[in-house]
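The values are calculated or read from the model by the stated rules, or taken from the named source; none is laboratory data. What you see is a predicted model; the values in this text were computed from it and never measured. Heads up, the Cβs are rebuilt from the backbone with ideal geometry, glycines too, and the neighbour counts pull from every protein chain shown. Heavy atoms of the whole protein, side chains included, go into the accessibility calculation; ligands, DNA and RNA do not. Shrake-Rupley method; radii C 1.70, N 1.55, O 1.52, S 1.80 Å.
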Amino acid sequence: MDKLALEFYEALALLDRPRVEALFQQAISQKVPMQVVEELITPLLIRLGDEWSAGKIALSQIYMASRICEDIVERVLPAMAVERKAYPPMAIVVLNDYHTLGKRIVLSVMQASGFDVLDYGRMDVDALVGRILADGVKYLLVSVLMLPAALKVKTLRAALDARGAQVRIVVGGAPFLFDSELWREVGADAMGCNAADAVTIVQRWREEAA
Amino acid sequence: MMTAMQRVLTAMGQQEPDRVPLFLFPTMHGAKELGLSIREYFSRAEYVVEGQIRLLAKYRGDCLSAFYYASLEVEAFGGDTLFFDNGPPNAGEPIIRHDEDIDYLEPPRVMEAAGLVRGLETIRGLKERVGDTVPIIGVAISPFSLPVMQMGFDRYIELIYEQPVRFARLMAVNQTFCLEWANAQMAAGATAICYFDPLSSTTNIPRELYLKTGHRVAVETLRQIQGPAATHLASGRGLGIVDDLLATGTAAVGVSALEDLADWKAAARNRFTLIGNLNGVEMRRWTAAQAESEVKTAIAKAGRGGGFILSDNHGEIPWQVPDDVLLAIRDALDRWGRYPLDWLE
Ligand code: B12
């Protein structure tokens, strides 16, 4: 897999879609799709995420690369397919904010990594709490861009606590990158520095629960 | 004692003035001063003029800003703005709904856009109050960064990569608009234009692509702005494109808190001025001691020889930042910002 992984990475970094698709086909001819996702796709998305965090690659590359991965994985592992990861119900939301690119990228990365995530779009706290309870969501991913939206997580946490909902919240988005204490202050359980962190964090939670 | 204008011009001439100049951009705090909601505050030029003048007296900064909010320019294109009680206004639904809309998009005229006219009145009002003693900073969103609000970030990235012809047309429309807007601000009395161009930051697009897109647009646009321009990456990273930025003809660059001012100082080599790089988001919970230490560190890294203006790293102080912190920043500047910076030896 090593040589393939390297070639895959290079093709993805160049956003060479035909080449990425050809390499993916080659990989799934040798292994089952979920294994290819876990051994090839997810590690590469994590690597790209880390490179963005370190200032080595740009957001436009992350966005385009994660969309390509999402497309190719969805073709062999459609949403809700039985082979996809069996995880506690998860949802992603943009809280009191009008900026959806962060959510779009996290969703792509999660889908491409074999997770099913409910897309709640943009919501405010009251409607969101109702929805979380109705769907039995256990892991909530929140993306924000503006500082007031980040501070709203505090209200969300209080509202969930008041209803006795056991939900773990992972937050992400620019305000959290600029203030590394903010996620704790607003009562989140974790914070992602880039989209691929969402994968590592929910995996960690799952292992802790096991 | 120097006037704010003399201080800033000296620093920008790469000389040491009497102390490090301070560009504080409390764009929304004027509403607090006047007891208005943020929405009301931005509804009349007189309010913003009065707010800016009061904040200048209160925090003793070295500039006035005529900036309302980024979405003001989208309003000129027919877009909506969403207002909040505790933060900056945001652009509403994109005005470019389908990529084909770009083929028919026309640049709006500044004098036909109520918000922009208010912006110009604000500059004229400020100029009447301070004459040439305090620089008045006008703001224009770059033609290259504006589409994020015009069409949404995701679709705009796809456009850049996949539709070069439409992208070029959008840049032409936005450039015509940007130039009319920037030059109208200069004519109204602005001292310089802050060219907001975070999309050009390496946080957002890779350098190779920047050179073919945002860089070309900036070179052409800045050349036609009738006055000095400072480029602000709005806290995006820029160390990887320092010389490219300089080649656009920019006189100054706004530096991100995610980068080291000392690295910027070394890269700039007194060829342009650095503005920055206090972390506005974190500032909300600084103590006075922290504010002092942040100010001191920034001055130690970038103050020598002029070419440095202390500021936040985004060009806007968040609504949540308390007065005490801003006053502590100003006090620290009195303590550590006087030239010569003997304490550094
Ligand atoms: C480009 C930019 C602009 C552009 C385009 C903005 C836009 N998107 O609409 C322009 C010039 C138009 C602009 C304007 C404004 N901006 Co601006 N801008 C930026 C900049 C540089 C990038 C923003 C962006 O969209 N990035 C793309 C997103 C996807 O990145 P991200 O949120 O970091 O997400 C990544 C990770 O954090 C993570 N992630 C995101 N969500 C999640 C969720 C989970 C669960 C996980 C695990 C991970 C994760 O994954 C993503 C990919 O790796 C940032 C500063 C910066 N360095 O980031 C300021 C910034 C967002 N802007 C800011 C502000 C205030 C504004 C304005 C309100 C200013 C004004 N008064 O008008 C306007 C609002 C514009 C509007 N839409 O109406 C502030 C917001 C914070 C605050 N102070 O409240 C920022 C953070 C600057 C700062 N340091 O203060 N801006």
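Computed from backbone phi, the HN-Hα couplings of the range A:58-66 come to 9, 4, 4, 5, 4, 4, 5, 5, 6 Hz, rounded to whole numbers (Karplus: 6.51 cos²θ - 1.76 cosθ + 1.60, θ = phi - 60°; Gly and Pro given as x).
Roughly what angle does helix B:114-130 make with the longest principal axis of chain B, taking Cα atoms, 0 to 90 degrees, to the nearest 10? Rounded to the nearest ten degrees, it is 20.
Quick check on chain B: helices-only [θ] at 222 nm, where DSSP H runs of length 4 and up contribute -39,500 (n - 2.57) each and the sum goes over total residues. Nearest 500, please. Don't skip to the end; give the middle numbers.
Values: 17 runs with 165 residues, N = 345.
Calculated mean residue ellipticity at 222 nm is -14000 deg cm²/dmol.
Over all distinct Cα pairs, what is the inverse of the mean 1/r for chain A, reported as the Kirkwood hydrodynamic radius in Å? Show your work: numbers first, answer last.
On the way: mean 1/r = 0.0571 Å⁻¹.
The Cα-based Kirkwood calculation yields 17.5 Å.
Shown here are the Rg and Dmax of the Cα trace of the protein assembly as shown, at 24.1, 77 Å. Contact residues in the range A:98-122 (at least 50 Å² less accessible area with all protein chains than alone, 1.4 Å probe): A:Tyr98, A:Leu101.
So what is the accessible area of the protein assembly as shown per residue, in Å², with the probe set to 1.4 Å? It would help to have the intermediate numbers written out before the result.
Values: 21730 Å² over 555 residues.
Accessible surface, normalised per residue, equals 39 Å².
Hey, what D do you get for the range B:1-74 in µm²/s if you plug the Kirkwood alpha-carbon radius into Stokes-Einstein at 37 °C and 0.692 mPa s? Intermediate results must be reported in sequence, preceding the final value.
Values: Rh = 13.4 Å.
Diffusion coefficient, whole number: 244 µm²/s.
Taking each residue in B:87-95, count the Cβ atoms of any other chain within 10 Å of its Cβ, then average. What number comes out? Don't skip to the end; give the middle numbers.
Working: counts 7, 3, 0, 7, 2, 1, 1, 0, 0.
If you average over the peptide's residues, the count of other-chain Cβ atoms is 2.
Taking the 1.4 Å solvent-accessible surface of the range A:84-209 as the whole, the part contributed by carbon and sulfur is 49%.
Under a Gaussian network description of chain B, with springs only between Cα atoms under 10 Å, the residue in B:Gly125, B:Gly240, B:Gly138 that fluctuates furthest is B:Gly240. Counting only Cβ charges, +1 for Lys and Arg and -1 for Asp and Glu, the dipole size of the protein assembly as shown around its Cα centre is about 520 debye.
Its convex hull of Cα atoms gives the range A:1-114 a direction-averaged projected area, equal to a quarter of the hull surface, of 7.6 nm².
Within the straight-line cut-off of under 18 Å between alpha carbons, the aspartates and glutamates reachable from B:Lys212 are B:Glu158, B:Glu162, B:Asp197, B:Glu220, B:Asp243, B:Asp244, sequence neighbours fewer than 8 places apart in one chain being disregarded. The dipole here belongs to the range A:3-76: it is taken about the Cα centre, uses +1 on the Cβ of Lys and Arg and -1 on the Cβ of Asp and Glu, and is about 80 debye.
Can you give the mean number of other chain Cβ atoms that lie within 10 Å of the Cβ atoms in peptide A:53-59? The partial results should precede the final answer.
Values: counts 1, 0, 10, 3, 4, 15, 10.
Counting Cβ atoms of other protein chains within 10 Å of each residue's Cβ and averaging gives 6.
Based on alpha carbons, the Rg and Dmax found for the range A:1-61 are 11.7, 35 Å. Compactness of chain B, taken as the C-alpha radius of gyration over 2.2 N^0.38 Å, stands at 0.95.
Mind grabbing the interface size between A and B? I mean buried accessible area, both sides, 1.4 Å probe, in Å² to the nearest hundred.
Chains A and B together bury roughly 2400 Å² of accessible area.
Restricting to the protein assembly as shown, compute how many DSSP beta bridges are antiparallel as a %, nearest 5. Please report the intermediate quantities before stating the final value.
Numbers: 3 of 44 bridges.
Of those bridges, close to 5 percent are antiparallel.
What pairs in B:Lys32/B:Lys301; A:Lys31/A:Lys103; B:Lys32/B:Lys58; A:Lys154/B:Lys296 have C-alpha atoms more than 23 Å from each other? Mind showing how you got there, number by number?
Working: B:Lys32/B:Lys301 33 Å; A:Lys31/A:Lys103 30 Å; B:Lys32/B:Lys58 13 Å; A:Lys154/B:Lys296 33 Å.
As for pairs spanning more than 23 Å Cα to Cα, those are B:Lys32/B:Lys301; A:Lys31/A:Lys103; A:Lys154/B:Lys296.
Looking at the range B:4-344, the DSSP beta bridges with both ends there are about 10 percent antiparallel.
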